[in-house]
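Below is one structure, written out as structure tokens; comments come after it.
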Amino acid sequence: ETGVTQTPRHLVMGMTNKKSLKCEQHLGHNAMYWYKQSAKKPLELMFVYSLEERVENNSVPSRFSPECPNSSHLFLHLHTLQPEDSALYLCASSQGSNTGELFFGEGSRLTVL
Amino acid sequence: RKEVEQDPGPFNVPEGATVAFNCTYSNSASQSFFWYRQDCRKEPKLLMSVYSSGNEDGRFTAQLNRASQYISLLIRDSKLSDSATYLCVVNVGFGNEKLTFGTGTRLTIIP
């Protein structure tokens, strides 16, 4: 069983909907990440939080809004998405910010109609 | 040129064979290197770090060639359970936010 859990595992939404993805890590880590994985493309880093402070925002469109209320929880709020945003969204955590070892959740498969 | 480049495969290899993947990176200032494994419909997991001197973990050997800017992964005596996508990951700076992933090489071990 993974130490990083994501819900929902699958989500279908229309372009006008508002939804949120949730991530929870049970590993006592102090950094959390959102990645986007699309077919035939490398993982794309979206957001990084270290000690609950955002440290990286890779020019992600504002229709994606992260929230990190504490070191164990991370959310990705979604609104007015586009069909090209359909992808697997992976949450990860790490102990420290330079270990190279990320622990991923199983991902949330998002389909935007 | 892509920051991290891998042959996407697929590699279809008979059980028991030896298989090798290469990965090239464009940033000569890259600091650290890793191989991750991603099973079908599952999350990526760290397989091993890659050290300058090369390192081995059981049937898996990773090597780094800084001069030519490539890393390799060798799998000996391949098992059916080795079937997965292998992701080359390079840290182009300091901090996990600088981790750059390749698109992955898909390996299928054939009985």
Q: Answer yes if at least one residue in region B:5-17 is free of Cβ contacts under 8 Å to residues at least 60 places away in the same chain and either farther than 22 Å from A:V4 by Cβ or more than 9 Å from every other protein chain (Cβ to nearest Cβ) (or both), and no otherwise.
A: no
Q.
Can you list residue pairs whose Cβ atoms sit under 9 Å apart, with the first residue in region A:38-61 being assigned to a strand (DSSP E or B) and the second being at pLDDT below 90 and of a type in the set (S, T, Y)? Count only pairs 6 or more apart in sequence or on different chains.
A. A:V48/A:S97; A:S50/A:S97; A:V55/A:S97; A:E56/A:S50
Q: Go through region B:48-64 residue by residue and tally those that are of a type in the set (G, A, S) and either within 13 Å of chain A (Cβ to nearest Cβ) or open to solvent by less than 30 Å² (accessible area, probe 1.4 Å) (or both).
A: 3
**Q.** Any hit, region A:18-37, residues being modelled with pLDDT of 95 or more, buried (at least 16 other Cβ atoms within 10 Å of the Cβ) and not in a strand (DSSP E or B)
**A.** no
Q: Provide a single number: the residues in region B:65-87 that are closer than 14 Å to B:N27 by Cα and either part of a strand (DSSP E or B) or open to solvent by less than 30 Å² (accessible area, probe 1.4 Å) (or both).
A: 3
Q: Please go through region B:18-47 and pick out each residue that is within 14 Å of another protein chain (Cβ to nearest Cβ), over 28 Å from A:Q6 (Cβ atoms) and part of a strand (DSSP E or B).
A: B:T24, B:Y25
Q) Which one is farthest from A:E84 (Cα to Cα) among residues in region A:1-26 that are of a type in the set (S, T, Y) and within 13 Å of the chain's Cα centre (by Cα)? A) A:T5
Q: Give the residue that is most open to solvent (accessible area, probe 1.4 Å), with candidates limited to residues of region B:88-101 that are facing chain A (nearest Cβ under 7 Å) and more than 16 Å from the chain's Cα centre (by Cα).
A: B:F94
Q. Which residues, taken from region A:70-113, are among the aliphatic types (A, V, I, L, M), part of a loop (DSSP other than H, G, I, E, B) and closer than 14 Å to A:H10 by Cβ?
A. A:L113
Q.
Considering only region A:2-15, I want to know if a residue exists there that is in contact (Cβ under 8 Å) with a residue 40 or more places away in the chain, facing another protein chain (nearest Cβ under 10 Å), within 23 Å of B:T103 (Cβ to Cβ) and among the aliphatic types (A, V, I, L, M).
A. yes
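The values are calculated or read from the model by the stated rules, or taken from the named source; none is laboratory data. What you are looking at is a predicted structure, and each value in this text was computed from that prediction instead of being measured. Here the Cβ is made from the backbone with ideal geometry for all residues, glycine too, and neighbour counts use every protein chain on show. Quick note on the areas: whole protein, heavy atoms, side chains included, nothing else; ligands and nucleic acids left out. Shrake-Rupley method; radii C 1.70, N 1.55, O 1.52, S 1.80 Å.
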